[in-house]
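Written out below as structure tokens is the structure these notes cover.
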Amino acid sequence: MITFPTILIPTDFSDCAQVAEHYGIELALTFGAAVHYLYAVEPIDTFATINGVEQSIYFDVLKDLRASAEERLAQIATQLSSEGIRVTTAVREGRASEVIVEYAQQENISLICIATHGRRGFSHLILGSTTERVVRRAPCPVFVVRATKQ
């Protein structure tokens, strides 16, 4: 029998990610799995090349993003823990797809539950797909949930 003792749910707190979170939590309840919530603070390219005083603003923005994400993840963890689900939360800095794959490797994750917008054509070419990169490089199975606009 296939089991998934640890499920990684990467989130950016968007409506799209919340659809995948729902599936991830249901899978965790089904398998009695521990849930790992992960938020990636992506570098902000506009500030990356600025020197001097403006660069301190860049680091302040990253610090604020990290603090906000940690607060939101703590709220999620409290809610899920009250429902009997074991939860670990993490905030990492870097390109989301790389952060997700690295975290899955480091924490020996057995399943990643992630959303996709289902973009095609030009918008996919321009925006790329974090989910697609995760699927290609993940060390474990990836459950992809297509989140469509309602």
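Quick notes on this structure:
- Filtered by the rule that a residue be among the small types (Gly, Ala, Ser), touching a Ser or Thr at 6+ places or on another chain (Cβ under 8 Å) and either within 13 Å of ALA17 (Cβ to Cβ) or at pLDDT 90 or above (or both), the range 105-147 gives SER110, ALA115, ALA147.
- Listed by first and then second residue, the pairs linking a residue in the range 19-32 that is charged (D, E, K, R) to a residue that is part of a helix (DSSP H, G or I), with Cβ atoms under 9 Å apart and 6 or more places separating them unless they lie on different chains, are GLU21/ILE76.
- Restricting the range 1-29 to residues that are part of a loop (DSSP other than H, G, I, E, B) and among the polar types (S, T, N, Q), the residue that is nearest to ALA69 (Cα to Cα) is THR11.
- Figure legend. Inter-residue proximity from the range 71-97: first residues without any contact (Cβ under 8 Å) to a residue 60 or more places away in the chain, second residues of a type in the set (Lys, Arg), beta-carbon distance below 8 Å, spacing 6+ or different chains. Indicated pairs: VAL91/ARG66; GLU93/ARG66; SER97/ARG133; SER97/ARG137.
- Of all residues in the range 30-60, those that are in a helix (DSSP H, G or I), loosely packed, with under 14 Cβ neighbours inside 10 Å and modelled with pLDDT of 85 or more total 1.
The values are calculated or read from the model by the stated rules, or taken from the named source; none is laboratory data. Given the structure is predicted, the values throughout are model-derived calculations rather than measurements. Note: ideal-geometry Cβ built from the backbone for every residue, glycine included; neighbour counts use all protein chains shown.
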